[in-house]
């Protein structure tokens, strides 16, 4: 398989697109059946032959994060000698799960990110400072690097660092764009003082920029207070190895139809209606080393199939509104930690914070927000009022030292800060 | 220019090799003359035409680190749009200097590292954990990554981290080899406890493994106390973008003749005899974005031109014995900080340390070694005896807290620990 940029696919009529995806899906399933020890008993050539439309995929078995963790080596579908890279992803139990890539998977990753960057209007004229790491076995950093090189942009592999370090690099090399986590952009903007720069845009990862209706969320508003940037959201995960990225319309991330099949499923595993919330379930196409079929991400979002104002006919994926496993039933009301975080972002002094979810002796959920001792009483009272207004239920507030919070944020040698402590299945 | 592995070049008779290098050199100089603002007044087409043997290069002007820092943008020989990456290198004044790369330069870097890895006997069957960073705009990390991928080895981009983190990754992914700084290998080995692994070799960078006579130095002996590894040294720098790597004979790093011209010069700029100490001066061939001619690295080493026992006819570069700028005249004796470090490695409890060089009111050099307060008096007395025996002169010993030493090691936002404080030209 060769990956050459062909953007025409984004503008294909729906039926042609479906035919094309059905063909790619069958090819992917045939490869998987022939090579994956995990899938060989899960379906047959007959099942594949019976597929005539995308919804026929629903007859196939789903794959959970637990499957990938428990039977990790059964997913390897090439010889070890053909593995060119191992990356890791956070498993369900905190122990990282390794994902192998073939040379072709790496080429596919570069192609995927190049497509994503083009949708986000990054060009060969851009000089892009990467403010996330290429180390710690993260897939993402390498995807950005390879994608940027593929579109001919210039890369500055700065990696994680203090705002001071990043401003030093900005002064020295003069980038036009950043790749960053939104909350870091807020911090960087707040530290800019009066440094001259030509940065006009950022590709944002790890945290959503919009609300479910595509209006800017609080984090995006906070960033806008510090500097004027064209912010584009991109959503991906190590397992899916494919990005959903916003075009200039900022109405969800565009699906790359040659690389992934997307289903949004309800709790019973049935596809929800267009625009309804459900679990993002993906079948990444053309993966060689560890192909997956109907992988359940645990992320909750909506699919929007109406043609985008940008002209692309490809469906769009709305912002991640929560994680299935983190659903909280608080005093009869269903909430997700993301909703709590959205309120916390209204109160920048309530940082760093932690959200702790417990189950009481009656099996009922309880939620505590741990705030730093630097947060004033007035501020925490005001936060509580906002929480009650937005969620209709009130979590507990607790106070802790910043160092204790920092330590918990990176508990268990975590590579990413984990702001949510869910003790319910511990 | 296409980079495809052709190892036959290592076995060419000396005269054929020289002819081939002369051709590549002329091509490089013609490109540089036509495209580099810095070099356009430095030489002419006539100078290039007059070259018939490698030693004719001596008529060309040399390029210093100061030139590269002071006239940085004058070295850019392609349009900014064709730059695909900016890396940085530590300048003379501590302020990093940026080096631009074209797509072709990146391909050349991958080719260079693939050649280097093959000389070090790394193969497609290896799974290699990189324990140095791919961030902070270092060129090296990306060179390893691209080279490993090119030879078909599997890469684990672990990056910098604690020994505990690296052992976790080793347990999980089971690598066969490491890329590491030797002193980190010592630390990692000391932390291994009884963890099962299949690591048999390491490519070592940043610090030499051998003495000038190719016997193992103290650091290599220290590593051997903890674990049995086939250690291969590789020497390179961001400016030269080319590695000198040891084969199984461990008698210096082999020159890659299609990628670099090496001169070893005395203080007057004349080439020294084979096996004599002098300044490593390089002309990296085929570089597009920032071509250099006779770049003075400041590193001191010896060239060995006798055919290697491995069969390769290519010359070898001995271990770095010091830096020109760090030459110390102590009580009439010439020494280099590397010689002091060699003695310090005999005393592992004298770590972390700093070497401070000053000039007294009479313009004479003085040297102090700053040791941590955890180092006992008995240990520091024993160190002093060893220093006197090896150097024939005695530096001063000072005591400081570990935290103060750590702070000084990374002074001025340095990306690498700087163990030598030279106050003479400050």
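Derivation of every value follows stated rules applied to the coordinates shown; laboratory data play no part. Model, not experiment: these values are computed from the prediction. Counting neighbours? That spans all protein chains shown, and the Cβs are built from the backbone with ideal geometry, glycine included.
A few notes on this one:
- Copies compared at residue A:349 - label distances in nm, ascending, label defined 7 Å from Cα in the Cβ direction: 5.1
- Percentage relative contact order, chain A, counting C-alpha pairs under 8 Å, at least six apart: 13
- Residue exposure sequence - A:73, A:400 - by fewest surrounding Cβ within 10 Å: A:73, A:400
- For the protein assembly as shown, the alpha-carbon coordinates run over 85, 59, 53 Å along the three principal axes, in decreasing order.
- Each part reduced to its alpha carbon centroid, segment B:154-232 and segment A:283-321 end up 42 Å apart.
- DSSP bridge pairs, chain A: antiparallel proportion in percent, nearest 5: 60
- Inter-part distance, segment A:4-64 to segment A:347-393, computed on C-alpha centroids, equals 44 Å.
- Inter-copy label distances at residue B:121 (7 Å, Cα→Cβ; nm, one decimal): 5.6
- Neighbour-count ranking [beta-carbon atoms within 10 angstrom, fewest first] of B:38, A:43: A:43, B:38
- Taking every C-alpha pair closer than 8 Å and separated by at least 6 residues, the mean separation divided by the residue count of segment B:319-411 gives a relative contact order of 27 percent.
- Chain B, rotation onto A, residue closest to that axis via Cβ, with its distance in Å: B:134, 2
- Gyration tensor (alpha-carbon) shape descriptor, segment A:327-422, a/c threshold 1.5: oblate
- Diffusion coefficient, µm² s⁻¹, Stokes-Einstein with Kirkwood Rh over alpha-carbon pairs of chain B at 4 °C and 1.567 mPa s: 57
- Distances in nm from residue B:73 to the matching label points in the other copies, shortest first (labels 7 Å along Cα to Cβ): 5.7
- Ranked for footprinting exposure by Cβ neighbours inside 10 Å, fewest first, A:346, A:231, B:134 give A:346, A:231, B:134.
- Gyration tensor (alpha-carbon) shape descriptor, segment B:260-349, a/c threshold 1.5: prolate
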